[in-house]
1. If you go through segment 64-80 one residue at a time, do you hit one that is among the acidic types (Asp, Glu), within 30 Å of ARG174 (Cα to Cα) and at pLDDT below 85?
2. Can you tell which of TRP67, TRP6 is touching a Leu at 6+ places or on another chain (Cβ under 6 Å) and more than 29 Å from TYR181 (Cβ to Cβ)?
3. Give me a count of the residues in segment 23-52 that are closer than 30 Å to HIS443 by Cα and either modelled with pLDDT under 85 or crowded, with 16+ Cβ neighbours inside 10 Å (or both).
4. Testing ARG276 on (1) surrounded by 10 or more Cβ atoms within 10 Å (Cβ to Cβ); (2) at pLDDT below 70, one condition comes back false. Which one is that?
5. What is the residue count in segment 406-419 for residues that are surrounded by 20 or more Cβ atoms within 10 Å (Cβ to Cβ) and either in a helix (DSSP H, G or I) or β-branched (Val, Ile, Thr) (or both)?
6. Do the conditions hold for ARG104, that is, is it loosely packed, with under 14 Cβ neighbours inside 10 Å and basic (Lys, Arg)?
Amino acid sequence: MNFSGWLARFRRLQDEHATWKLLHADNAPVILAFIADLFAEENEVPFARARIALDAELARGRELGYWQSESGAGIYLNQWIRAGWLREMDDMLSKTDASETALRFCRALDEPAAGTSASHLRIVQDAVREFAVAVNPDLDARIAQLEQRRQEIQRNIDEMQAGVSVELSEAEQRERIREIYQLASVLTGDFRRVEDDIRRLDKDLRIQIIEGDSTRGDVLLELMEKEALLANTDAGSAFEGFFQLLCDQNRSTEFSDQLRAILSLPVAQHLNSSQRQFLARLMRELSRESERVFSIRRRTEEGLRGYIESGAAQENRAVTRLLAELERAAVALRENGCDLKTRTRLELHVGVPGIRSPESLSLRQPDENLDTSGVEEQANHREPSMDMLDSLEAVQIRQVAERTLEALRRHGPMTISTLSSYQPLQEGLEELVACMRVARAVHATDLDATEQVEFHDRHGVRIRASIPSLLMSADLFPANIDELAL
(Lines give C-alpha, C1' and ligand atoms only; values in the text may rest on other atoms or scores of the structure.)
Protein backbone atom coordinates (compact mmCIF):
# COMPACT_ATOMS: atom_id res chain seq x y z
CA MET A 1 0.00 0.00 0.00
CA ASN A 2 1.39 3.41 -1.00
CA PHE A 3 1.25 6.75 0.83
CA SER A 4 -2.18 7.68 -0.60
CA GLY A 5 -3.65 4.38 0.50
CA TRP A 6 -2.34 4.73 4.05
CA LEU A 7 -3.54 8.34 4.19
CA ALA A 8 -7.06 7.35 3.09
CA ARG A 9 -7.17 4.54 5.65
CA PHE A 10 -6.02 6.71 8.55
CA ARG A 11 -8.43 9.49 7.61
CA ARG A 12 -11.27 6.99 7.58
CA LEU A 13 -10.25 5.66 11.01
CA GLN A 14 -10.04 9.21 12.32
CA ASP A 15 -13.58 9.92 11.15
CA GLU A 16 -15.16 6.58 12.08
CA HIS A 17 -13.27 4.77 14.86
CA ALA A 18 -14.56 5.52 18.36
CA THR A 19 -11.13 5.03 19.96
CA TRP A 20 -9.51 7.61 17.71
CA LYS A 21 -12.35 10.06 18.39
CA LEU A 22 -11.93 9.57 22.13
CA LEU A 23 -8.17 10.21 22.04
CA HIS A 24 -8.72 13.22 19.74
CA ALA A 25 -11.48 14.79 21.88
CA ASP A 26 -10.80 18.20 23.43
CA ASN A 27 -11.48 16.88 26.94
CA ALA A 28 -9.91 13.46 26.38
CA PRO A 29 -7.78 13.56 29.59
CA VAL A 30 -10.85 14.37 31.71
CA ILE A 31 -12.98 11.68 30.03
CA LEU A 32 -10.30 9.00 30.32
CA ALA A 33 -9.53 9.93 33.94
CA PHE A 34 -13.20 9.71 34.87
CA ILE A 35 -13.69 6.35 33.13
CA ALA A 36 -10.52 4.90 34.68
CA ASP A 37 -11.51 6.04 38.17
CA LEU A 38 -15.18 5.05 37.84
CA PHE A 39 -14.40 1.47 36.78
CA ALA A 40 -11.31 0.98 38.94
CA GLU A 41 -13.09 -1.49 41.27
CA GLU A 42 -16.16 -2.60 39.28
CA ASN A 43 -16.90 -3.38 35.65
CA GLU A 44 -20.49 -2.13 35.93
CA VAL A 45 -21.68 1.00 37.72
CA PRO A 46 -25.25 2.31 38.12
CA PHE A 47 -26.01 5.29 35.91
CA ALA A 48 -27.17 7.36 38.90
CA ARG A 49 -23.91 6.80 40.77
CA ALA A 50 -21.89 7.72 37.67
CA ARG A 51 -23.89 10.93 37.24
CA ILE A 52 -23.33 11.93 40.88
CA ALA A 53 -19.61 11.18 40.63
CA LEU A 54 -19.25 13.14 37.38
CA ASP A 55 -21.19 16.09 38.82
CA ALA A 56 -18.74 16.23 41.71
CA GLU A 57 -15.73 16.08 39.39
CA LEU A 58 -17.16 18.78 37.09
CA ALA A 59 -17.82 21.07 40.07
CA ARG A 60 -14.24 20.57 41.22
CA GLY A 61 -13.02 21.23 37.68
CA ARG A 62 -14.92 24.52 37.52
CA GLU A 63 -13.36 25.60 40.82
CA LEU A 64 -9.87 24.74 39.57
CA GLY A 65 -10.51 26.39 36.20
CA TYR A 66 -9.97 23.48 33.80
CA TRP A 67 -13.69 22.97 33.09
CA GLN A 68 -15.78 25.87 31.78
CA SER A 69 -19.08 24.32 30.64
CA GLU A 70 -22.16 24.51 32.87
CA SER A 71 -23.88 21.45 31.38
CA GLY A 72 -24.94 18.67 33.74
CA ALA A 73 -23.28 15.28 34.09
CA GLY A 74 -26.26 13.44 32.58
CA ILE A 75 -25.80 15.29 29.27
CA TYR A 76 -22.14 14.30 29.05
CA LEU A 77 -22.81 10.67 29.97
CA ASN A 78 -25.47 10.39 27.25
CA GLN A 79 -23.08 11.97 24.74
CA TRP A 80 -20.37 9.48 25.65
CA ILE A 81 -22.84 6.62 25.31
CA ARG A 82 -23.86 7.80 21.82
CA ALA A 83 -20.18 8.20 20.88
CA GLY A 84 -19.54 4.55 21.79
CA TRP A 85 -17.23 5.24 24.74
CA LEU A 86 -19.68 3.91 27.35
CA ARG A 87 -22.46 1.34 27.18
CA GLU A 88 -25.75 1.50 29.09
CA MET A 89 -27.98 -1.51 29.72
CA ASP A 90 -30.62 -1.87 32.44
CA ASP A 91 -29.51 1.47 33.94
CA MET A 92 -25.96 0.12 34.37
CA LEU A 93 -22.89 1.65 32.71
CA SER A 94 -19.88 -0.29 31.47
CA LYS A 95 -16.84 0.37 29.32
CA THR A 96 -16.77 -0.38 25.60
CA ASP A 97 -13.96 -1.83 23.53
CA ALA A 98 -13.14 1.71 22.34
CA SER A 99 -12.61 3.11 25.84
CA GLU A 100 -10.77 -0.04 26.93
CA THR A 101 -8.38 0.28 23.99
CA ALA A 102 -7.81 3.99 24.66
CA LEU A 103 -7.04 3.37 28.34
CA ARG A 104 -4.68 0.53 27.47
CA PHE A 105 -2.90 2.78 24.96
CA CYS A 106 -2.45 5.57 27.52
CA ARG A 107 -1.19 3.17 30.19
CA ALA A 108 1.31 1.75 27.71
CA LEU A 109 2.69 5.26 27.13
CA ASP A 110 3.20 5.80 30.86
CA GLU A 111 4.18 2.21 31.71
CA PRO A 112 6.24 0.75 28.87
CA ALA A 113 5.77 -2.97 28.29
CA ALA A 114 8.02 -4.90 30.64
CA GLY A 115 8.43 -7.86 28.33
CA THR A 116 11.69 -7.86 26.43
CA SER A 117 12.42 -9.35 23.04
CA ALA A 118 13.53 -12.61 24.67
CA SER A 119 10.18 -12.99 26.45
CA HIS A 120 8.19 -12.24 23.31
CA LEU A 121 10.37 -14.57 21.28
CA ARG A 122 9.73 -17.39 23.76
CA ILE A 123 5.95 -16.90 23.50
CA VAL A 124 6.11 -16.87 19.70
CA GLN A 125 8.29 -19.99 19.62
CA ASP A 126 5.91 -21.90 21.90
CA ALA A 127 2.89 -20.86 19.82
CA VAL A 128 4.60 -21.79 16.55
CA ARG A 129 5.64 -25.19 17.90
CA GLU A 130 2.13 -26.05 19.13
CA PHE A 131 0.52 -24.82 15.92
CA ALA A 132 2.98 -26.74 13.75
CA VAL A 133 2.06 -29.97 15.56
CA ALA A 134 -1.67 -29.25 15.30
CA VAL A 135 -1.76 -28.52 11.54
CA ASN A 136 0.82 -31.02 10.30
CA PRO A 137 -1.03 -33.51 8.02
CA ASP A 138 1.73 -36.11 8.43
CA LEU A 139 0.79 -38.20 11.46
CA ASP A 140 4.28 -39.70 11.76
CA ALA A 141 5.83 -36.23 11.85
CA ARG A 142 3.35 -35.10 14.49
CA ILE A 143 4.12 -38.15 16.62
CA ALA A 144 7.85 -37.48 16.24
CA GLN A 145 7.42 -33.88 17.36
CA LEU A 146 5.36 -34.93 20.38
CA GLU A 147 7.94 -37.61 21.26
CA GLN A 148 10.65 -34.95 21.15
CA ARG A 149 8.69 -32.76 23.55
CA ARG A 150 8.12 -35.74 25.87
CA GLN A 151 11.84 -36.48 25.89
CA GLU A 152 12.58 -32.87 26.83
CA ILE A 153 10.09 -33.03 29.70
CA GLN A 154 11.49 -36.37 30.87
CA ARG A 155 15.03 -34.96 30.76
CA ASN A 156 13.95 -32.05 32.98
CA ILE A 157 12.27 -34.47 35.39
CA ASP A 158 15.44 -36.62 35.57
CA GLU A 159 17.59 -33.56 36.28
CA MET A 160 15.30 -32.46 39.10
CA GLN A 161 15.24 -35.94 40.60
CA ALA A 162 19.03 -35.90 40.49
CA GLY A 163 19.04 -32.66 42.48
CA VAL A 164 19.86 -30.37 39.55
CA SER A 165 17.54 -27.36 39.57
CA VAL A 166 17.86 -24.49 37.13
CA GLU A 167 16.25 -21.40 38.64
CA LEU A 168 15.35 -18.21 36.86
CA SER A 169 17.38 -15.13 37.59
CA GLU A 170 15.75 -12.16 39.28
CA ALA A 171 15.63 -10.28 35.98
CA GLU A 172 13.96 -13.24 34.23
CA GLN A 173 11.42 -13.60 37.05
CA ARG A 174 10.58 -9.89 36.85
CA GLU A 175 10.23 -10.15 33.09
CA ARG A 176 8.00 -13.24 33.21
CA ILE A 177 5.56 -12.00 35.87
CA ARG A 178 5.16 -8.64 34.15
CA GLU A 179 4.51 -10.44 30.89
CA ILE A 180 1.78 -12.47 32.64
CA TYR A 181 0.12 -9.25 33.79
CA GLN A 182 0.34 -7.70 30.32
CA LEU A 183 -1.34 -10.73 28.74
CA ALA A 184 -4.02 -10.98 31.43
CA SER A 185 -4.87 -7.26 31.26
CA VAL A 186 -6.15 -7.55 27.69
CA LEU A 187 -8.66 -10.31 28.48
CA THR A 188 -11.40 -7.87 29.51
CA GLY A 189 -10.92 -6.09 26.18
CA ASP A 190 -11.63 -9.39 24.43
CA PHE A 191 -14.98 -9.56 26.24
CA ARG A 192 -15.79 -6.02 25.10
CA ARG A 193 -15.16 -7.05 21.48
CA VAL A 194 -17.49 -10.02 21.92
CA GLU A 195 -20.24 -7.66 23.13
CA ASP A 196 -19.67 -5.30 20.20
CA ASP A 197 -19.79 -8.19 17.71
CA ILE A 198 -23.06 -9.44 19.19
CA ARG A 199 -24.69 -6.01 18.99
CA ARG A 200 -23.36 -5.40 15.47
CA LEU A 201 -24.65 -8.76 14.26
CA ASP A 202 -28.06 -8.07 15.83
CA LYS A 203 -28.23 -4.73 13.97
CA ASP A 204 -27.21 -6.34 10.67
CA LEU A 205 -29.85 -9.06 11.04
CA ARG A 206 -32.58 -6.51 11.69
CA ILE A 207 -31.55 -4.46 8.65
CA GLN A 208 -31.46 -7.60 6.53
CA ILE A 209 -34.94 -8.57 7.73
CA ILE A 210 -36.39 -5.12 6.99
CA GLU A 211 -34.84 -4.88 3.54
CA GLY A 212 -35.83 -8.43 2.56
CA ASP A 213 -39.08 -8.93 0.67
CA SER A 214 -40.49 -12.07 2.25
CA THR A 215 -43.43 -13.25 4.33
CA ARG A 216 -43.39 -13.67 8.10
CA GLY A 217 -43.06 -17.43 7.72
CA ASP A 218 -40.01 -17.01 5.50
CA VAL A 219 -38.49 -14.57 7.96
CA LEU A 220 -39.07 -16.94 10.89
CA LEU A 221 -37.52 -19.79 8.94
CA GLU A 222 -34.51 -17.63 8.13
CA LEU A 223 -34.22 -16.63 11.79
CA MET A 224 -34.22 -20.26 12.93
CA GLU A 225 -31.55 -21.09 10.37
CA LYS A 226 -29.39 -18.19 11.54
CA GLU A 227 -30.05 -18.55 15.27
CA ALA A 228 -26.63 -20.09 15.80
CA LEU A 229 -24.92 -17.31 13.85
CA LEU A 230 -24.21 -15.28 16.99
CA ALA A 231 -22.09 -18.11 18.37
CA ASN A 232 -20.30 -18.78 15.06
CA THR A 233 -18.56 -15.41 14.76
CA ASP A 234 -14.81 -15.25 15.44
CA ALA A 235 -15.29 -13.50 18.76
CA GLY A 236 -18.24 -15.73 19.67
CA SER A 237 -16.31 -18.92 18.95
CA ALA A 238 -13.36 -17.67 20.98
CA PHE A 239 -15.65 -16.83 23.88
CA GLU A 240 -17.29 -20.27 23.76
CA GLY A 241 -13.87 -21.89 24.00
CA PHE A 242 -12.86 -19.61 26.84
CA PHE A 243 -16.08 -20.30 28.72
CA GLN A 244 -15.44 -24.03 28.44
CA LEU A 245 -12.10 -23.37 30.12
CA LEU A 246 -13.85 -21.56 32.97
CA CYS A 247 -16.30 -24.45 33.40
CA ASP A 248 -13.52 -27.04 33.48
CA GLN A 249 -13.19 -27.70 37.20
CA ASN A 250 -9.67 -29.10 37.07
CA ARG A 251 -8.20 -26.42 34.81
CA SER A 252 -9.93 -23.49 36.51
CA THR A 253 -8.92 -24.71 39.97
CA GLU A 254 -5.36 -25.30 38.80
CA PHE A 255 -5.25 -21.84 37.23
CA SER A 256 -6.52 -20.16 40.42
CA ASP A 257 -4.12 -22.09 42.65
CA GLN A 258 -1.17 -21.21 40.45
CA LEU A 259 -2.06 -17.51 40.46
CA ARG A 260 -2.44 -17.56 44.23
CA ALA A 261 0.91 -19.32 44.61
CA ILE A 262 2.71 -16.83 42.35
CA LEU A 263 1.30 -13.83 44.23
CA SER A 264 2.48 -15.30 47.54
CA LEU A 265 6.10 -15.47 46.35
CA PRO A 266 8.65 -12.63 46.60
CA VAL A 267 8.59 -12.27 42.82
CA ALA A 268 5.14 -10.62 43.14
CA GLN A 269 6.86 -7.52 44.54
CA HIS A 270 7.87 -6.64 40.98
CA LEU A 271 4.20 -5.69 40.41
CA ASN A 272 2.55 -2.69 41.99
CA SER A 273 -0.43 -3.07 44.32
CA SER A 274 -3.08 -2.51 41.62
CA GLN A 275 -1.47 -5.10 39.35
CA ARG A 276 -1.32 -7.67 42.15
CA GLN A 277 -4.94 -6.96 43.04
CA PHE A 278 -5.95 -7.41 39.40
CA LEU A 279 -4.31 -10.84 39.17
CA ALA A 280 -5.72 -11.90 42.55
CA ARG A 281 -9.30 -11.36 41.40
CA LEU A 282 -8.76 -12.33 37.77
CA MET A 283 -10.90 -15.48 37.84
CA ARG A 284 -13.73 -13.68 39.62
CA GLU A 285 -13.71 -10.85 37.07
CA LEU A 286 -13.59 -13.28 34.14
CA SER A 287 -16.57 -15.18 35.53
CA ARG A 288 -18.56 -11.96 35.89
CA GLU A 289 -17.62 -10.83 32.38
CA SER A 290 -18.62 -14.19 30.90
CA GLU A 291 -21.97 -13.99 32.70
CA ARG A 292 -22.49 -10.49 31.27
CA VAL A 293 -21.74 -11.66 27.72
CA PHE A 294 -24.18 -14.56 28.11
CA SER A 295 -26.84 -12.15 29.37
CA ILE A 296 -26.32 -9.78 26.43
CA ARG A 297 -26.41 -12.59 23.90
CA ARG A 298 -29.53 -14.11 25.45
CA ARG A 299 -31.32 -10.76 25.48
CA THR A 300 -30.25 -10.08 21.90
CA GLU A 301 -31.63 -13.39 20.67
CA GLU A 302 -34.87 -12.94 22.62
CA GLY A 303 -35.27 -9.39 21.35
CA LEU A 304 -34.62 -10.47 17.79
CA ARG A 305 -37.16 -13.28 18.02
CA GLY A 306 -39.71 -10.97 19.64
CA TYR A 307 -39.07 -8.38 16.92
CA ILE A 308 -40.00 -10.93 14.28
CA GLU A 309 -42.93 -12.54 16.08
CA SER A 310 -44.52 -9.19 16.99
CA GLY A 311 -44.82 -8.25 13.33
CA ALA A 312 -42.74 -5.08 13.76
CA ALA A 313 -40.45 -6.08 10.91
CA GLN A 314 -43.40 -6.68 8.59
CA GLU A 315 -44.94 -3.33 9.57
CA ASN A 316 -41.67 -1.49 9.00
CA ARG A 317 -41.35 -3.12 5.60
CA ALA A 318 -44.93 -2.13 4.71
CA VAL A 319 -44.37 1.47 5.83
CA THR A 320 -41.15 1.66 3.84
CA ARG A 321 -42.91 0.30 0.74
CA LEU A 322 -45.81 2.76 1.15
CA LEU A 323 -43.48 5.74 1.54
CA ALA A 324 -41.62 4.71 -1.61
CA GLU A 325 -44.90 4.53 -3.54
CA LEU A 326 -45.92 7.99 -2.27
CA GLU A 327 -42.57 9.41 -3.33
CA ARG A 328 -42.92 7.93 -6.81
CA ALA A 329 -46.48 9.28 -7.09
CA ALA A 330 -45.38 12.77 -6.00
CA VAL A 331 -42.52 12.77 -8.50
CA ALA A 332 -44.91 11.62 -11.27
CA LEU A 333 -47.37 14.43 -10.49
CA ARG A 334 -44.61 16.99 -10.60
CA GLU A 335 -43.21 15.65 -13.87
CA ASN A 336 -46.71 15.80 -15.46
CA GLY A 337 -47.01 19.50 -14.62
CA CYS A 338 -49.70 19.19 -11.94
CA ASP A 339 -49.99 22.00 -9.41
CA LEU A 340 -49.38 20.35 -6.07
CA LYS A 341 -51.41 23.11 -4.30
CA THR A 342 -54.61 22.39 -6.23
CA ARG A 343 -57.65 21.92 -3.99
CA THR A 344 -59.43 18.59 -4.23
CA ARG A 345 -62.78 17.22 -3.05
CA LEU A 346 -61.21 14.15 -1.46
CA GLU A 347 -62.32 13.22 2.03
CA LEU A 348 -60.45 11.07 4.52
CA HIS A 349 -62.82 8.86 6.53
CA VAL A 350 -61.13 8.80 9.92
CA GLY A 351 -64.19 8.02 12.05
CA VAL A 352 -66.37 10.04 14.38
CA PRO A 353 -65.10 11.32 17.74
CA GLY A 354 -66.82 9.70 20.66
CA ILE A 355 -66.91 12.85 22.82
CA ARG A 356 -68.88 15.85 21.51
CA SER A 357 -68.85 18.15 24.60
CA PRO A 358 -67.30 18.34 28.07
CA GLU A 359 -70.63 17.26 29.54
CA SER A 360 -70.37 13.89 27.81
CA LEU A 361 -67.11 13.06 29.56
CA SER A 362 -67.37 10.17 32.01
CA LEU A 363 -65.63 11.25 35.17
CA ARG A 364 -63.97 8.79 37.52
CA GLN A 365 -65.75 8.13 40.78
CA PRO A 366 -63.72 8.85 43.93
CA ASP A 367 -62.54 5.85 45.88
CA GLU A 368 -64.64 4.85 48.84
CA ASN A 369 -63.39 5.82 52.27
CA LEU A 370 -61.44 3.17 54.12
CA ASP A 371 -63.56 1.64 56.86
CA THR A 372 -61.48 1.71 60.05
CA SER A 373 -64.33 1.14 62.50
CA GLY A 374 -63.13 -2.38 63.38
CA VAL A 375 -59.52 -1.42 63.98
CA GLU A 376 -58.39 -1.61 67.60
CA GLU A 377 -55.40 0.25 68.96
CA GLN A 378 -52.72 -1.98 70.44
CA ALA A 379 -50.04 -0.85 72.86
CA ASN A 380 -46.42 -1.54 71.95
CA HIS A 381 -44.59 -4.24 73.91
CA ARG A 382 -40.92 -4.52 74.77
CA GLU A 383 -40.97 -8.33 74.63
CA PRO A 384 -41.60 -10.05 71.23
CA SER A 385 -44.56 -12.38 71.04
CA MET A 386 -44.32 -16.03 69.97
CA ASP A 387 -46.20 -15.28 66.74
CA MET A 388 -43.58 -12.69 65.85
CA LEU A 389 -40.70 -15.08 66.60
CA ASP A 390 -42.29 -17.82 64.51
CA SER A 391 -42.56 -15.49 61.52
CA LEU A 392 -38.88 -14.56 61.62
CA GLU A 393 -36.45 -16.14 59.15
CA ALA A 394 -35.21 -19.41 60.64
CA VAL A 395 -32.32 -19.89 58.18
CA GLN A 396 -29.13 -17.97 58.93
CA ILE A 397 -27.93 -16.95 55.48
CA ARG A 398 -24.39 -16.20 56.67
CA GLN A 399 -24.04 -19.77 57.92
CA VAL A 400 -25.31 -21.00 54.55
CA ALA A 401 -22.64 -18.88 52.83
CA GLU A 402 -19.91 -20.30 55.10
CA ARG A 403 -21.01 -23.90 54.47
CA THR A 404 -21.19 -23.22 50.72
CA LEU A 405 -17.67 -21.76 50.66
CA GLU A 406 -16.29 -24.72 52.61
CA ALA A 407 -17.90 -27.20 50.19
CA LEU A 408 -16.59 -25.32 47.15
CA ARG A 409 -13.07 -25.31 48.55
CA ARG A 410 -13.28 -29.04 49.23
CA HIS A 411 -15.02 -30.26 46.06
CA GLY A 412 -14.41 -27.48 43.49
CA PRO A 413 -16.90 -25.42 41.42
CA MET A 414 -20.47 -26.70 41.37
CA THR A 415 -24.08 -25.66 41.00
CA ILE A 416 -26.74 -25.59 43.73
CA SER A 417 -28.09 -28.98 42.66
CA THR A 418 -24.64 -30.57 42.98
CA LEU A 419 -24.07 -28.72 46.23
CA SER A 420 -27.25 -30.21 47.70
CA SER A 421 -25.83 -33.70 47.14
CA TYR A 422 -22.90 -32.84 49.44
CA GLN A 423 -24.93 -30.71 51.84
CA PRO A 424 -28.60 -31.80 51.82
CA LEU A 425 -31.12 -29.04 52.45
CA GLN A 426 -32.44 -29.39 56.01
CA GLU A 427 -34.63 -26.29 56.32
CA GLY A 428 -36.74 -26.73 53.20
CA LEU A 429 -37.57 -23.97 50.77
CA GLU A 430 -36.07 -21.20 52.94
CA GLU A 431 -32.63 -22.81 52.78
CA LEU A 432 -32.92 -23.21 49.01
CA VAL A 433 -33.73 -19.50 48.69
CA ALA A 434 -30.74 -18.70 50.93
CA CYS A 435 -28.45 -20.74 48.64
CA MET A 436 -29.71 -18.82 45.60
CA ARG A 437 -29.17 -15.51 47.42
CA VAL A 438 -25.58 -16.53 48.12
CA ALA A 439 -25.08 -17.49 44.46
CA ARG A 440 -26.46 -14.15 43.29
CA ALA A 441 -24.38 -12.25 45.84
CA VAL A 442 -21.11 -13.74 44.55
CA HIS A 443 -22.24 -13.20 40.92
CA ALA A 444 -22.26 -16.91 40.05
CA THR A 445 -22.15 -17.71 36.35
CA ASP A 446 -25.60 -18.30 34.86
CA LEU A 447 -25.29 -21.34 32.58
CA ASP A 448 -28.52 -20.39 30.78
CA ALA A 449 -30.19 -23.64 31.85
CA THR A 450 -32.37 -25.04 34.64
CA GLU A 451 -31.79 -27.85 37.10
CA GLN A 452 -33.91 -29.88 39.53
CA VAL A 453 -33.39 -29.83 43.30
CA GLU A 454 -35.24 -32.29 45.56
CA PHE A 455 -35.56 -31.86 49.33
CA HIS A 456 -37.98 -32.26 52.26
CA ASP A 457 -39.64 -29.37 54.05
CA ARG A 458 -39.98 -29.11 57.82
CA HIS A 459 -43.12 -31.24 57.78
CA GLY A 460 -41.45 -34.05 55.80
CA VAL A 461 -43.17 -33.27 52.49
CA ARG A 462 -40.92 -34.00 49.50
CA ILE A 463 -40.49 -30.99 47.18
CA ARG A 464 -38.95 -30.81 43.72
CA ALA A 465 -37.92 -27.31 42.62
CA SER A 466 -36.75 -26.11 39.21
CA ILE A 467 -34.13 -23.34 39.58
CA PRO A 468 -31.59 -21.59 37.30
CA SER A 469 -28.28 -23.38 36.92
CA LEU A 470 -25.77 -21.10 38.70
CA LEU A 471 -22.11 -22.18 38.70
CA MET A 472 -20.25 -21.14 41.88
CA SER A 473 -16.58 -21.44 42.79
CA ALA A 474 -14.55 -20.51 45.85
CA ASP A 475 -12.69 -17.79 43.89
CA LEU A 476 -15.91 -15.78 43.57
CA PHE A 477 -16.12 -15.28 47.35
CA PRO A 478 -14.30 -12.28 48.84
CA ALA A 479 -11.59 -12.75 51.43
CA ASN A 480 -13.99 -11.47 54.12
CA ILE A 481 -17.36 -13.13 53.83
CA ASP A 482 -18.99 -10.17 55.59
CA GLU A 483 -18.43 -8.13 52.41
CA LEU A 484 -21.17 -10.09 50.64
CA ALA A 485 -24.41 -8.18 50.16
CA LEU A 486 -26.67 -10.85 51.67
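1. Taking segment 64-80 first, the residues among the acidic types (Asp, Glu) are 70.
In the following step, the residues that additionally are within 30 Å of ARG174 (Cα to Cα) were identified as none.
No, the conditions are met nowhere in segment 64-80.
2. Numbers: TRP6 fails: touching a Leu at 6+ places or on another chain (Cβ under 6 Å).
Result: TRP67 is the single residue among TRP67, TRP6 that is touching a Leu at 6+ places or on another chain (Cβ under 6 Å) and more than 29 Å from TYR181 (Cβ to Cβ).
3. Just the residues of segment 23-52 that are closer than 30 Å to HIS443 by Cα, to begin with: 31-52.
Filter once more, so that each one left must be either modelled with pLDDT under 85 or crowded, with 16+ Cβ neighbours inside 10 Å (or both): 31-32, 34-35, 38-45, 47, 50-51.
Final tally of qualifying residues: 15.
4. Looking at each condition in turn, ARG276 falls short on (2).
5. In the first step, residues of segment 406-419 are kept if they are surrounded by 20 or more Cβ atoms within 10 Å (Cβ to Cβ); the result is 408, 413, 415-416, 419.
Now restrict to residues that are either in a helix (DSSP H, G or I) or β-branched (Val, Ile, Thr) (or both): 408, 415-416, 419.
So the answer is 4.
6. On the way: loosely packed, with under 14 Cβ neighbours inside 10 Å: no; basic (Lys, Arg): yes.
Answer is no for this residue.
Yes or no, residue by residue, for (1) among the acidic types (Asp, Glu); (2) in contact (Cβ under 8 Å) with a residue 40 or more places away in the chain:
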{"position": "TRP6", "(1), (2)": "no, no"}
{"position": "GLN14", "(1), (2)": "no, no"}
{"position": "ALA33", "(1), (2)": "no, no"}
{"position": "GLU44", "(1), (2)": "yes, yes"}
{"position": "PHE47", "(1), (2)": "no, yes"}
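Table: residues versus (1) at positive phi; (2) under 24 Å from the mean Cα position of the chain (by Cα); (3) in a strand (DSSP E or B); (4) crowded, with 20+ Cβ neighbours inside 10 Å.
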residue: ASP446; (1), (2), (3), (4): no, yes, yes, no
residue: GLN452; (1), (2), (3), (4): no, no, yes, no
residue: PHE455; (1), (2), (3), (4): no, no, yes, no
residue: GLY460; (1), (2), (3), (4): yes, no, no, no
residue: SER466; (1), (2), (3), (4): no, no, yes, no
residue: LEU470; (1), (2), (3), (4): no, yes, yes, yes
residue: ASP475; (1), (2), (3), (4): no, yes, no, yes
residue: ALA479; (1), (2), (3), (4): no, yes, no, no
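The values are calculated or read from the model by the stated rules, or taken from the named source; none is laboratory data. Since we're looking at a predicted model, the values are computed, not measured. FYI the Cβ positions are ideal-geometry reconstructions off the backbone, even for glycines, and counts take in every protein chain you see.
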